[in-house]
Each structure stands twice: as C-alpha cells, then as structure tokens.
Amino acid sequence: MSISHQPAMLLGDCPRCGDRLQLYHSHNERRPVHFLGCLSYPRCSYTAPYDDRLDALLTQTQARLVWVEAQYAWLLSQVEALSAHTQEAAL
C-alpha cells in the first residue's frame, strides 16, 4: 500500500485522541482514494472517509484564505504608503 500526505491539509481534531486530522491519499483498493487520518498514527489509528462535506469544508477554507490574503495585501500597501509619506515628511 502506498500512502502520501499533504502536511498543510490539517482538518480538525481526532475524535479518539484529540490530535490533528490530516488528508491522506491511498493507492490501496481496500480504502477510499482519499481519507482523513490521525497525525498520531500508529499510536492512534483513527480514519474517516473523504466525502462531499469535507470537500465543501476545503472550498470554504480556501475562500477564507483568499480573503485573508487580500486583506493582508491591502494592509501591506497601506503600511508602505505611510512609510513613504513619513520619509518624505522627514526630508
């Protein structure tokens, strides 16, 4: 069985042990292609299937991230403009 993971995809807490859940991709025919697994494996072997609800959650999280990045870019531009204005006033 070949399993890969994406460390950036942490998706909530494990209901068994409380550690973080992560999205895994399995190439084994006995499991879904995508599933959630506990980061504490092998100490905790909790898994859950990947389904449409998780896909909706990921889409929502990505939309929030885009919004935060836009806010950060705007704030950075404001700081740069203020810094340039302060430097001009000092001359």
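The values are calculated or read from the model by the stated rules, or taken from the named source; none is laboratory data. Treat the numbers as computed from the prediction; the structure is a model and nothing was measured. Cβ atoms come from the backbone with ideal geometry, glycine included; neighbour counts cover every protein chain shown.
How many residues are in contact with a Phe, Trp or Tyr (Cβ under 7 Å, 6 or more places away or on another chain) and of a type in the set (D, E, K, R) if we restrict to the range 39-91? Looking only at that region, the number is 0.
Residue by residue, here is whether (1) among the charged types (D, E, K, R); (2) surrounded by 10 or more Cβ atoms within 10 Å (Cβ to Cβ); (3) at pLDDT 90 or above holds:
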position	(1), (2), (3)
Ala8	no, no, no
Leu11	no, yes, no
Glu29	yes, no, no
Tyr50	no, yes, no
Asp55	yes, yes, no
Thr61	no, yes, no
Thr86	no, no, no
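Only one entry in Leu82, Leu36, Leu76 is assigned to a strand (DSSP E or B) and either at pLDDT 80 or above or among the small types (Gly, Ala, Ser) (or both), namely Leu36.
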